[in-house]
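Peer 1: Let me give you the structure first, and then I'll get to my questions.
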Amino acid sequence: MMQLYDYVLSGSCYKVRLFLSVIGQDYEKVPVDYYPGGEHKTPTFLQINPLGQIPVLVDDDLILRDAQAILVYLAGRYDANRSWYPEDPRLQGEIAMWLSFASNEIMNSSAARLHDMLFYDFDIDKVRAAAHAAFRVLDDHLTDREIMGKQWIVGNHPTIADIACFPYVALSGDGGISLDDYHAVRRWISRVKQIPGFVVMPGIHHN
Amino acid sequence: MTRTTDKVALNEWQAVGTVEEIISGKRRNTRLLGQDIIVEMDGEIPRMFENNANGGIGTEHPAQALYGHIWTTLGTPVKAPLDMPEFKEDGRRLVVCGALTVRASALRIVENFLDMAHFPYVHTGILGEEPITAVNDYKIEIREPEDEVWATECSFFQPQAAASADDGQVSQYMYRVSSPFVTVLYKTCPVVEGAWDLVGIFVQPKDEAECDVHTFMLVLDETSTMSDLVHFQQEIFLQDRSILENQIPPGLPLDPMDEIAIKADGSSMLYRRWLRNKGLTFGTHRGDGSSQAA
C-alpha cells in the first residue's frame with residue numbers, strides 16, 4: 001500500500017491528501033510529529049528525505065518528496081483519463097509554471113501561517129506583502145480566464161495546477177492575510193470545493 | 001500593549017511554555033498579559049523574568065514546573081494551579097501537544113472548549129456528526145472551596161472520540177474550569193472501561209485578543225503512537241482556530257443582557273457569571289469601549 005508521510009496541519013501534505021481523495025486512490029498515512037516533536041529533522045526521517053520536509057510519498061520502491069512532484073507522479077500513474085495532468089505539451093508547460101508558482105510565491109502564505117501559528121521566525125510584514133503580490137498575480141490570471149469563459153487555472157477542467165495552488169491560498173487567513181480584494185480567487189476557491197471527492201483540512205471549511 | 005492592570009488576571013498562575021522545549025536550552029521569549037517575558041531553565045529550576053523594552057532583563061517572578069509545562073505569575077496568586085491527581089496514576093501517557101497561537105481572547109477560547117453544540121458542525125466525523133446534533137441535559141455547579149466551574153453528566157455521540165477509538169461511541173464528559181484561563185475535560189476512555197481520559201488547555205493570554213494555547217492529553221492508550229495522538233488533538237484544535245479568530249466582538253461579553261439563554265449554553269453562562277463575579281476585565285468585551293480586545 002502506498003504510504004504518505006503526513007502532518008495533519010500541513011497545507012503541502014493536504015495537497016496530496018486532497019488529490020488522492022479526488023482520484024479515489026487508497027493509501028496509508030504515516031503521521032509525522034512535525035510540531036512540537038520536530039520529527040522531520042530527525043536522522044531517521046532525514047534518511048527518507050534529506051531535505052527534512054514533508055510530504056513524502058512511498059510507492060513500492062519509489063520515494064518522492066515535494067508535493068508538486070508527487071502530484072505529477074500520481075496524476076500520471078493513477079488517473080486513467082489523464083485529465084489532471086494532460087499529455088498535451090503546451091498544457092504540461094503551463095501546469096509546470098503554476099506548480100512552480102505554488103511551491104515558490106504562494107509559499108509566502110505558508111510562511112505567514114507558520115509565523116502566526118507556530119512561532120516561526122519570519123519577517124511577517126515582508127512575507128504577507130509577498131503573499132499579497134502572489135495572490136494579485138493569481139487573481140489577475142483567473143479574471144482573464146473567466147473573461148475567456150474558463151473556470152480553472154489551466155485548460156478546460158481542473159488539473160494538478162489547481163490542486164497545488166489551492167491549499168495555501170485557502171489557508172491565508174491563518175497567516176492574517178485577507179482574500180477580500182481577490183474576487184476571482186474567491187470564486188475559484190468555491191469551485192475547487194465543488195470538485196467531487198473534495199476533502200477539508202483544519203482551517204479549510206466546506207463552505 | 002503594556003502590562004494589564006487587571007489584578008484578577010495578574011494573580012493567576014499561567015502556563016507559558018513546555019518543560020521539554022525550554023529544558024533543551026531554548027529560552028522562550030514570549031508575552032503574558034501584555035508584559036514581555038523570558039522563560040528559561042536554570043538546571044532543573046524554571047525561571048521567569050520580565051523582558052524590558054530596552055532589551056534588558058527585569059524583575060524575576062515565581063515559576064514552577066507542573067504537568068509538563070512551566071507555570072508563572074505576574075501577581076500574587078490566591079490559589080495554586082489546579083490539582084490533577086490522575087497525573088500520578090500508573091499507565092497514563094502525558095501527551096504535550098505544543099503551543100499554538102490564536103488571535104482571540106483567552107476567554108473565548110475557554111468558552112469554545114466548553115461548548116458541545118459545535119461538535120457536529122466544526123469537528124464533523126470526529127467529535128460529532130449530523131444529524132445527531134442535540135446536546136443532552138447536563139449539570140452545572142460552582143465547586144467550593146476550590147472555586148471551580150464544573151459541568152457534569154454531559155454526553156454526546158462521537159464518530160471518533162479519541163485517537164484510539166475504532167467506532168463511534170456515546171462519550172460521557174465532565175468539564176472543569178479551574179481558572180479563567182485553564183480548563184480540563186474528563187472523557188470516557190475508549191480503551192479502559194470506567195476510566196476517564198483527560199484533555200486540557202492552558203491558555204496563555206499574551207494580549208487581550210492574542211493567546212498561545214498549550215494543549216495536553218493524559219490518556220490510557222498503549223497502542224497509538226505519539227504522532228497519532230498529537231495529530232488527533234491538533235486537528236481538532238485547528239478546526240476551531242479560524243472560527244475563534246473571527247468571533248465578534250473579539251472580547252467575551254459578560255453583561256447579563258448579552259446572554260441568550262438556551263439550555264445547551266448552561267456551562268457558558270455559568271462561566272461568564274463566574275468571571276463577572278471575580279471582576280475580571282482582561283479579554284472581556286466592555287460596552288463602554290474601554291481598551292476592548294481588538
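Peer 1: Looking only at strands (runs of 3 or more DSSP E) that fall completely inside region B:64-173, which ones have 1 or more residues that are outside the structural domain of B:Val199 (by TED's automatic domain parsing) and either over 15 Å from the mean Cα position of the chain (by Cα) or surrounded by fewer than 16 Cβ atoms within 10 Å (Cβ to Cβ) (or both)?
Peer 2: Qualifying strands (runs of 3 or more DSSP E): B:69-72.
Peer 1: Let me ask you something else. Residue check: is A:Phe45 assigned to a helix (DSSP H, G or I), surrounded by 14 or more Cβ atoms within 10 Å (Cβ to Cβ) and away from every other protein chain (no Cβ under 14 Å)?
Peer 2: no
Peer 1: List every residue pair whose Cβ atoms sit under 6 Å apart, with the two residues 6 or more apart in sequence or on different chains, where the first one lies in region A:165-182 and is within 14 Å of another protein chain (Cβ to nearest Cβ) and the second, anywhere, is surrounded by 24 or more Cβ atoms within 10 Å (Cβ to Cβ) and aromatic (Phe, Trp, Tyr).
Peer 2: Taking only residues 6 or more apart or on different chains, the pairs are A:Pro167/A:Tyr14.
Peer 1: Return yes when B:Ser268 is within 30 Å of B:Leu74 (Cα to Cα), of a type outside the set (Val, Ile, Thr) and at pLDDT below 90 and no when it is not.
Peer 2: Judged against the criteria, B:Ser268 is not a match.
Peer 1: Follow-up. Here are some residues: A:Asp139, A:Asp162. Which one is in contact with an Asp or Glu (Cβ under 9 Å, 6 or more places away or on another chain) and more than 14 Å from every other protein chain (Cβ to nearest Cβ)?
Peer 2: A:Asp139
Peer 1: Sort out which residues of region A:183-207 are of a type in the set (Val, Ile, Thr), part of a loop (DSSP other than H, G, I, E, B) and within 12 Å of chain B (Cβ to nearest Cβ), and write them in order of number.
Peer 2: Matches in region A:183-207: A:Val199, A:Val200.
Peer 1: In contact (Cβ under 8 Å) with a residue 12 or more places away in the chain, buried (at least 21 other Cβ atoms within 10 Å of the Cβ), closer than 19 Å to B:Gly266 by Cα and among the basic types (Lys, Arg): is that true of B:Lys187 in this structure?
Peer 2: For B:Lys187, the condition - in contact (Cβ under 8 Å) with a residue 12 or more places away in the chain, buried (at least 21 other Cβ atoms within 10 Å of the Cβ), closer than 19 Å to B:Gly266 by Cα and among the basic types (Lys, Arg) - is met.
Peer 1: Quick one: is B:Glu259 modelled with pLDDT under 90, surrounded by fewer than 21 Cβ atoms within 10 Å (Cβ to Cβ), acidic (Asp, Glu) and within 30 Å of A:Gly37 (Cβ to Cβ)?
Peer 2: Criteria not met by B:Glu259.
Peer 1: Tally the residues that are outside any strand (DSSP E or B) and hydrophobic (A, V, I, L, M, F, W, C), restricting the search to region B:47-63.
Peer 2: The total comes to 1.
Peer 1: Could you check region B:2-40 and list, in sequence order, the residues that are surrounded by fewer than 17 Cβ atoms within 10 Å (Cβ to Cβ) and at positive phi?
Peer 2: Result: B:Gly25, single match.
Peer 1: Within region A:148-157, does at least one residue satisfy the condition of being among the charged types (D, E, K, R) and within 27 Å of B:Val213 (Cβ to Cβ)?
Peer 2: Within region A:148-157, not a single residue is among the charged types (D, E, K, R) and within 27 Å of B:Val213 (Cβ to Cβ).
The values are calculated or read from the model by the stated rules, or taken from the named source; none is laboratory data. Remember, predicted model here, so these are calculated numbers, not experimental data. Don't worry about glycine lacking a Cβ; one is built from the backbone with ideal geometry, like all the others, and counts go over all protein chains shown.
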